[in-house]
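The values are calculated or read from the model by the stated rules, or taken from the named source; none is laboratory data. Since we're looking at a predicted model, the values are computed, not measured. With ideal geometry, Cβ positions are generated from the backbone for all residues, glycine too; neighbour counts draw on all protein chains shown.
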Amino acid sequence: MPRWTDLELTKSPLVRRLHAWWTGARGDRALPDRRDFDPVEHVDLLPAVLISEAEGDPVRIRYRLVGTRIAAVAGFDFTGRYLDELLADNTQEPWLDFYAMATETKLPVLGFVTEPTINGGTFHYEFAICPVTAGGDQVRQFICIEDYFGFNLTSAGLRRWLD
C-alpha cells in the first residue's frame, strides 16, 4: 500500500479537507488538539471519519468513533474495538506502522489502499491518519478519514473478509 506525507499526491477531496483542517488548527503549535475538531463544522465529513487513540504499552489503537459510511463498508460499527482485534491474519497493510509514523513525525500519514473484491475486481480508497493531542503536547489521538470515492460496497463484497 502506498503511503505519503505530501498532500500533492492525494486525489481525495475528503482527505484534502481534513488535512486543511489539521494544518489550520495546528497554527504555530506542533499539533492541533482533539478539541479543535468541531463536529458541527465538519458534519459532511463525519460519515467518513474515524477517531482513534493510542493506549497502553505496547501501544494499541482503540477506535473511539467510527463514521457511518465506514461502518457500512466494514459491515459493522467497530467503535470501542482495537485495531489488532480487527486485522485479519493475512492483512498486508501495516496499519500499526502508519499510526507509529504519525506519532513519531507528528504529521498526517496519507495513503492509498487497494482491496480485492469477490467478483475479481478491486476496490480503491485513500486515507489520512492525522495525529492530535488530547490536552498537552503528546500525540494521544488520531482523526482519520477514508474516502471510497462513491464506491458502493459492503464487507460482503470484499474478498479479504471472506478468506
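Which residues, counting only those in the range 113-129, are at pLDDT 90 or above and out of contact with any His (no Cβ under 7 Å at 6 or more places or on another chain)?
We begin by selecting, within the range 113-129, every residue at pLDDT 90 or above; these are 126-129.
The answer is 126, 127, 129.
Among residues of the range 72-88 that are over 19 Å from residue 147 (Cβ atoms), those with a Cβ under 9 angstrom from a residue that is in a loop (DSSP other than H, G, I, E, B), sequence gap 6+ or separate chain, pair up as 85/78; 86/78; 87/93; 88/163. State yes or no: is residue 62 more than 22 Å from residue 12 (Cβ to Cβ), of a type outside the set (S, T, N, Q), modelled with pLDDT of 90 or more and touching a helix residue (DSSP H, G or I) at 6+ places or on another chain (Cβ under 9 Å)? So residue 62 fits the description; yes. Taken over the range 36-54, residues that are charged (D, E, K, R) and free of Cβ contacts under 8 Å to residues at least 24 places away in the same chain amount to 3.
Total residues in the range 4-32 satisfying the condition of being outside any helix (DSSP H, G or I) and of a type outside the set (Lys, Arg): the figure is 10.
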